[in-house]
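The block underneath contains the structure these notes are about, expressed in structure tokens.
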Amino acid sequence: MNKKIGFIGGGNMASAIIGGILRSGLASPEQIIATAKTEETLHSLRERFDICATFDNSVAASQSDILFLAVKPYLFSEIIPEIKDSIRPETLIISIAAGQTLHHIESAFEKEIHLIRAMPNTPALVGEAMSALCANQNVTESELEETFLLFQSFGKCQVVSESMIDTVIGVSGSSPAYVYLFIEAMADAAVADGMPRTQAYQFAAQSVLGAAKMVLDTDLHPGVLKDAVCSPGGTTIEAVAMLEQLGLRNAVITAQRACVKKSKDMSRQPTS
């Protein structure tokens with residue numbers, strides 16, 4: 001990819017994306033520039049990736065063919081006025097912030113821009129993200145294809161309508177936290193039954209990883225896979241029956257829909 005790729009913000013998600021891009025060979029370190037607020041973060045970016053790192057957001061914006069907005073949503077009202085006059089008309093802007101709609105971002109730039117709203121999740125840090133993309137009317141097919149390649153460098157990716165972004169946040173953006181709670185609870189139970197904690201985390205986490213891979217690789221319904229583990233009168237159906245009695249499904253559905261509602265509420269707030 002013969003493009004200069006910039007990042008406004010050099011935190012964990014930006015680092016995960018940069019790492020994926022470099023590992024995939026889509027770009028070289030010389031093609032990437034990132035900004036940060038602290039010398040410590042700038043030093044880390046240079047040491048880890050051998051890329052150009054600077055305090056100056058406008059420099060990164062002016063040099064980039066593809067520019068990631070990788071800062072917290074509340075910083076958009078500060079960052080966009082700082083960089084909007086440095087953005088070239090043909091620059092593709094990719095926002096990875098929750099709660100910032102295409103319309104909000106377009107309004108903040110106060111001019112026609114090529115804009116993609118993306119929602120990756122934290123497993124990007126280990127190359128296993130699930131990301132969603134939605135584009136405004138100015139984005140070309142080739143720009144969307146390039147963005148797809150970038151996001152595939154650190155996981156899986158699908159294009160969705162913007163109306164689905166809040167749902168994406170619930171089912172993938174925030175859901176790693178739900179899974180960590182589940183892993184922690186399984187490990188706690190194993191510890192209660194005498195297993196050392198480090199070993200308990202390994203058994204629980206690997207089982208979740210394997211179960212997820214079964215869903216993805218077999219294309220079988222999760223219920224079918226669950227039934228295959230549940231022998232008549234056995235241990236697994238005993239546990240499943242107790243989870244149903246305690247309301248696991250309802251707890252997950254209610255929590256996830258609360259997450260989506262919060263995301264919709266955030267999207268209604270103005271950019272500045």
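Answer yes or no as to whether ILE113 is more than 17 Å from ILE17 (Cβ to Cβ) and of a type in the set (A, V, I, L, M). Judged against the criteria, ILE113 is a match.
Figure legend. Inter-residue proximity from the stretch 22-39: first residues touching a residue at least 24 places away in the same chain (Cβ under 8 Å), second residues assigned to a strand (DSSP E or B) and open to solvent by 60 Å² or more (accessible area, probe 1.4 Å), beta-carbon distance below 9 Å, spacing 6+ or different chains. Indicated pairs: ILE32/CYS52; ILE33/CYS52; ALA34/CYS52. The test for being touching a residue at least 40 places away in the same chain (Cβ under 8 Å), open to solvent by less than 10 Å² (accessible area, probe 1.4 Å) and either over 21 Å from the mean Cα position of the chain (by Cα) or more than 30 Å from GLN206 (Cβ to Cβ) (or both) does not hold for ILE93. Taking the numbered list (1) modelled with pLDDT of 95 or more; (2) within 30 Å of TYR74 (Cα to Cα); (3) of a type outside the set (S, T, N, Q) in turn, MET266 passes all entries but (1). Suppose we filter ALA124, ALA132 for residues that are closer than 28 Å to ILE83 by Cα, buried (at least 18 other Cβ atoms within 10 Å of the Cβ), touching a helix residue (DSSP H, G or I) at 6+ places or on another chain (Cβ under 6 Å) and modelled with pLDDT under 95; which single one remains? Result of the check over ALA124, ALA132: ALA124.
Restricting to the stretch 98-121, count the residues that are of a type in the set (Asp, Glu) and open to solvent by less than 20 Å² (accessible area, probe 1.4 Å). Full working, then the answer.
As a first pass, look at the stretch 98-121 and keep what is of a type in the set (Asp, Glu): 106, 110, 112.
From what is left, the residues that are open to solvent by less than 20 Å² (accessible area, probe 1.4 Å) are none.
Residues flagged as of a type in the set (Asp, Glu) and open to solvent by less than 20 Å² (accessible area, probe 1.4 Å) within the stretch 98-121 amount to 0.
Taking the condition of being in contact (Cβ under 8 Å) with a residue 40 or more places away in the chain and of a type in the set (Ser, Thr, Tyr), how many residues in the stretch 52-81 meet it? Adding up the residues that qualify gives 2. Total residues in the stretch 116-143 satisfying the condition of being farther than 28 Å from ARG48 by Cα and outside any helix (DSSP H, G or I): the figure is 7. Of the numbered criteria (1) more than 15 Å from the chain's Cα centre (by Cα); (2) surrounded by fewer than 17 Cβ atoms within 10 Å (Cβ to Cβ); (3) touching a residue at least 40 places away in the same chain (Cβ under 8 Å), the one VAL139 fails is (2).
Listed by first and then second residue, the pairs with beta-carbon distance under 8 Å, at least 6 apart or on different chains, first residue in the stretch 144-157 and over 18 Å from ASN121 (Cβ atoms), second of a type in the set (Lys, Arg) and not in a helix (DSSP H, G or I), are GLU146/LYS3. Can you pull out every residue in the stretch 197-256 that is among the aliphatic types (A, V, I, L, M), over 17 Å from GLU184 (Cβ atoms) and touching a helix residue (DSSP H, G or I) at 6+ places or on another chain (Cβ under 8 Å)? Scanning the stretch 197-256 gives MET214, VAL215, LEU220, LEU225, VAL229, VAL240. Restricting to the stretch 51-68, what's the tally of residues that are in contact with an Asp or Glu (Cβ under 7 Å, 6 or more places away or on another chain) and of a type in the set (Gly, Ala, Ser)? So the answer is 1. Every test in (1) under 18 Å from the mean Cα position of the chain (by Cα); (2) without any contact (Cβ under 8 Å) to a residue 40 or more places away in the chain; (3) open to solvent by less than 10 Å² (accessible area, probe 1.4 Å) is passed by GLY6 save one, and that test is (2). Of the helices (runs of 4 or more DSSP H) lying entirely inside the stretch 180-272, those carrying at least 2 residues that are under 26 Å from GLY99 (Cα atoms) and not acidic (Asp, Glu) are 248-267.
The values are calculated or read from the model by the stated rules, or taken from the named source; none is laboratory data. Just so you know, these numbers come straight off a predicted model, no measurement behind them. When we count neighbours, we look across all protein chains shown, and the Cβ atoms used for this are built from the backbone with ideal geometry, even at glycine. For accessibility, only protein heavy atoms count, side chains too; no ligands or nucleic acids. Shrake-Rupley method; radii C 1.70, N 1.55, O 1.52, S 1.80 Å.
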